[in-house]
Structure formats: structure tokens, C-alpha cells
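The values are calculated or read from the model by the stated rules, or taken from the named source; none is laboratory data. All figures in this text were calculated on a predicted structure; none of them were measured in a lab. Neighbour counts run over all protein chains shown; Cβ positions are idealised from the backbone, glycine included. Just the protein is used for accessible areas: all its heavy atoms, side chains included, with ligands, DNA and RNA removed. Shrake-Rupley method; radii C 1.70, N 1.55, O 1.52, S 1.80 Å.
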Amino acid sequence: MLKTRPDGEVQPGIKWGPFTMRIPLIHLRFSLSDMLQGLAVAGATGMALVPYFMALLGLNFEEAVTMAMFHSVLISFSWMFFGDPYAPGWLTPAIPFVVAFITAPAYLGDHASQFQAMTALSLNFAFILIVLGVTGLGAKLITIVPNVFKGGIILGAAVAAFLRVTKDGDAANVFQSAPIAGTLGVAICLIFAFSKPLQALAINKKWLATILGFGLLPGFVIAGSVGYFTGEFQYNIRWEFLDVAASTASLWEKASPFAIGWPPIETFIASFPLALITYILFFGDVVTGNEMIEHAQTSRTDEKLELDSSRAHMATGIRNILMAIIAPFFATQGVLWTGIQVILLKRWAQGRDKVNSIYDSIGSFYAFGLPFLFLALPLVTLLEPLLPLALAVTLVLTAFACATLALSLVQDATERGAMVITAMAFSVFEPWIGLLVGLIVIAGLCGFQVFMPKKDS
């Protein structure tokens, strides 16, 4: 029986400790429109890393799909078991850094060492999140990180992403593997997501606003159709279901630390700077998500959304621990999918007659956390040729968004220059070297005072 709430209250759920569990069809209603968009956008994007799993980590297609399925299920824990009011996703800006880390000479070609590096990254990150979440030190830590340094990290992720999608032979280089359809798909998605003239035109054109409301889906449909006729995308539909038991067993043997051994202490030490860098990205997502919700909350006084940064820290830390031992691939367990959060909040803000609770939209978009899409190989194989496109689109849109955000963080020309040097260091060197170079450059060019907390006036 569906639970209802009085106006102005929090959506009902089952409290456990600092968390709240909400059960589909009891505490969450079904939203068809959110589910249809989720199947297309979240499905293709959720499997966008499958080419990396296969090319870099030596997994076969079934194992790679199973790994993506586990990642999607764990992502859904965010709203289902922990009660966070965010549309969760990857820490996408960190993924180029992660790929560069596991393809360093120390790990390249040794798949067991690569998986151990992923486990070490995930556990380091979980440790940071849980400690800072439990103690409440997270908010204090971020205040001492100057904007120029944050901008360097974020811009470095943008540069690394652009380099990744243009690198010869890379799984994300759809411009090389499908030059016509891939370029068209990326261009359409980029324009639909960020074009100011198109957004202005849509104000008076209802049909255009409707198309833009589908987000990335039109770009995928057009690119997929064009790619079929140009021969760049080959569709080989498999009319069967994924053998979850077999693929899970083989994935466990190849990836889990319980099967291949735990990372050595040297790997934990080497990966810690990248985990710390990723924490800054995580905290930025928390701040962004909270600001978006607070803005939308003014339109929906009937549902109170509880914002708790400490809960978000602990919940994401627990998800990363689970991921580290089941299907380790770092940066796939973040707190916010910014683009989807915007879309879901926009509909939620239209009123209770459109959607009863934000959790209805989030739960339906992620199909209530159930991995039906991954189990049905006809759907998976239909999307399979589009996975390099999905990965390229994810990286390009992330790179554009990161670049615009980074450039807005600083106004001083010297800080802007220091930020660019820091960004290049992060994109071409190992994380700890990039961290060191950034600190030296910023301190030398901008002065040590930028690292000092600003006093209240």
C-alpha cells in the first residue's frame, strides 16, 4: 500500500540510523515518463564504460555488462537505502585520471594489478568520505582549498577528457571509429545540452522544447540511425538473457580482492592523492546538488527534502566499499548526476499533480534500481554499438561543463594562468606529481595567502 505524506513533510520511509530506506511501490510511485528516459539515457550511459572494461581490464562482453550492472545497482542504493535526494551518478571528471593511473607502466597489461589499484582507490576514497562524514570535517576541509586549486583540478579533468576522446585507438575515440555518426552524435548532444540560442528559441517553440526535454536521446537516435546507413555501427542483436550466475562468477575470479588478493600497501599509498583529488570533486557535487534542490524547493513547499552532507559522505563511502570488493572500477560511485538532477527537479517543481515526490522521479528513472535492461541482451546488444558514442558524449559534455566551471572560479589573470599550468600538470602527470606541481605553482605565482581561510568581514 502506497504511503502518503501531509503537506510540508518528508516523504515516508523506514529510518535506520542516519539513513532512510524507501521501498518501491510502497514509498515510491511509478512514473512512466521518467522510466522511459531512464532506460534510454541511463542505460546507454551506464554501459558507456563497457569498452574500457574490455579493452583495459581484459573482461569479455558478458563480464563487462555484469560489472556495469553492479555499478548501476549500487548507484541506486543512494536514494533507495540511504535516502539521499540526488540523482546519483559517476564522479565523471575523475575517470580520465583513473584511466591514466591504471595504464601507467606499473599496472599496464597486468589486469590483476589494475583491479587491485581500483580496489585501493575505492577503499581510500571510502575511508576519506566516512571519516570526514562522521566527524563533520568535510565542510571545514573544503574551505581551505583555494578556488584556483579547485579550478586547476577541474580544468585538468576537462583537458584529460578531451585528450582521451582524441587519442588514437582509445575506446572513447568515436571520431576515429565512427567519424560521421560519432561526430554528428557528439555535436547534437553538445548543442542540445549547452546551446544558448537553441534554449532561447525553445521558449516560444513548444515542439523544440519537447525535443530538448528528451535530453541526450535525440542525439543517440540520430547517430544510431546514421551509423547504420553508413555502416559505422553494426547491430548484432542477441535474443537471449544474460547468464548472471556465470558472468558474476567469472568476474569475481578476475576482479574481487577476495579472489586475486588485496592491494599491497604501495598501491594504497600511490593511489591516495587521486582519492583525495576525487574527494574535492565529490564535495563540489554535494554543494551543487544542495544548491539545486534548495532553489527548486521554493516551488514545492508540500515536500520537504532533507539535505545532509554527512549522510551523503557516509552513504557514498559505503557504496564505494561494496564496489571495491564486488566490481572494482573507481569513480563510478558518486553522489550526483548533474544533468539528470536538473531534468528531474524541473519536472518535480511543476507541482504535486505532475509528480508526488522527487523520489518517484529518481526511482523511476533508475527503474527502481532493478537491472532489467542489463539482463535483456536484445536491449544491451542494441545499445552495444553506441557505447563508444555514449562514452565520448559523457567525456565531452563533462569536459565542457568542467571547463566552464573552472574558468568561472577565478577572476585574476595570474590565478587563471596558474590554474592552467596546474590543469596541464594534472592531465599529463601522475596524480601526486600533478598535486605537487599545482601546489608549488600556485604558491609561487599567487602567494601562500590563497591557502589561508578567509576571515569573516
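Brief remarks on what is shown
- With every protein chain in place, segment 130-205: carbon and sulfur % of accessible area (1.4 Å): 69 percent
- Using bins of 5 Å that start at zero, the share of Cα-Cα pairs per bin across segment 111-169 amounts to 4, 14, 11, 14, 24, 18, 10, 5, 1, 0, in whole %.
- At least 30 Å along the helix axis (C-alpha) and Kyte average at least -0.5, DSSP helices within the chain: 111-135, 265-297, 387-409
- Relative contact order for segment 364-448: 19 percent, from Cα pairs under 8 Å spaced at least 6 residues apart, divided by residue count.
- Under the convention that each Lys and Arg Cβ holds +1 and each Asp and Glu Cβ holds -1, the size of the dipole of the chain around its Cα centre is about 960 debye.
- Listed values (i) 25.0; (ii) 21.7; (iii) 22.9, entry calculated as mean projected area of the Cα convex hull in nm²: (iii)
- Dipole of the chain [Lys/Arg +1, Asp/Glu -1 at C-beta], most positive-end residue of VAL186, VAL50, ALA202: ALA202
- All distinct Cα pairs of segment 246-317 go into the 1/r average, and the inverse of that average, the Kirkwood radius, is 15.8 Å.
- D (Stokes-Einstein, µm²/s), Kirkwood Cα radius, segment 1-128, 0.692 mPa s at 37 °C: 190 µm²/s
- Relative contact order of the chain, pairs being alpha-carbon contacts under 8 Å that are 6 or more residues apart, as %: 35 percent
- A quarter of the convex hull surface defined by the alpha-carbon atoms of segment 56-158 gives 8.4 nm² as the mean projection.
- Relative packing of 55-65, 411-421, which averages over residues the other C-beta atoms within 10 Å, highest first: 55-65, 411-421
- Taking only protein heavy atoms and a 1.4 Å probe, the accessible area of segment 269-393 is 65% carbon and sulfur.
- Probe 1.4 Å, accessible area per residue of segment 1-140, Å²: 34 Å²
- When the GluC sites (Glu not before Pro) in segment 264-328 are filtered for DSSP coil states and for at most 16 other beta-carbon atoms within 10 Å of their beta-carbon, the remaining sites are GLU306.
- In this simple spin-label model, placing a label point 7 Å from the Cα along the Cα-to-Cβ direction at both ASN147 and LEU2 gives a separation of 4.5 nm.
- Mean residue ellipticity at 222 nm, helices only, the chain: -20500 deg cm²/dmol; runs of at least 4 DSSP H residues each add -39,500 (n - 2.57), and the sum is divided by the number of residues.
- Computed over segment 286-329, the quotient of the alpha carbon radius of gyration and 2.2 N^0.38 Å is 1.55.
- The label point for TYR228 and the one for LEU36, both projected 7 Å from the Cα toward the Cβ, are 1.9 nm apart.
- Overall dimensions of segment 365-457, expressed as equivalent-ellipsoid semi-axes from the Cα gyration tensor (√(5λ), whole Å, largest first), are 41, 17, 13.
- Cα gyration tensor shape for segment 192-279, rounded if a/c is under 1.5, else prolate or oblate: oblate
- Hydrodynamic estimate: the Kirkwood radius of segment 339-404 over Cα pairs, inserted into Stokes-Einstein at 20 °C and 1.002 mPa s, corresponds to D of 150 µm²/s.
- Prolate/oblate/rounded call for segment 100-236, Cα gyration tensor, a/c under 1.5 rounded: oblate
- In a fully extended conformation the segment linking LEU370 and LEU439 would gain 20.4 nm over its present Cα-Cα distance, using 0.36 nm per residue.
- Model label points for VAL287 and ARG238, set 7 angstrom from Cα along the Cα-to-Cβ axis, are 4.4 nm apart.
- A viscosity of 1.002 mPa s and a temperature of 20 °C, combined with the Kirkwood radius over C-alpha pairs in the Stokes-Einstein formula, give segment 303-433 a diffusion coefficient of 114 µm²/s.
- Tail beyond 16 Å, pair distance distribution of segment 13-69 (Cα, percent): 62 percent
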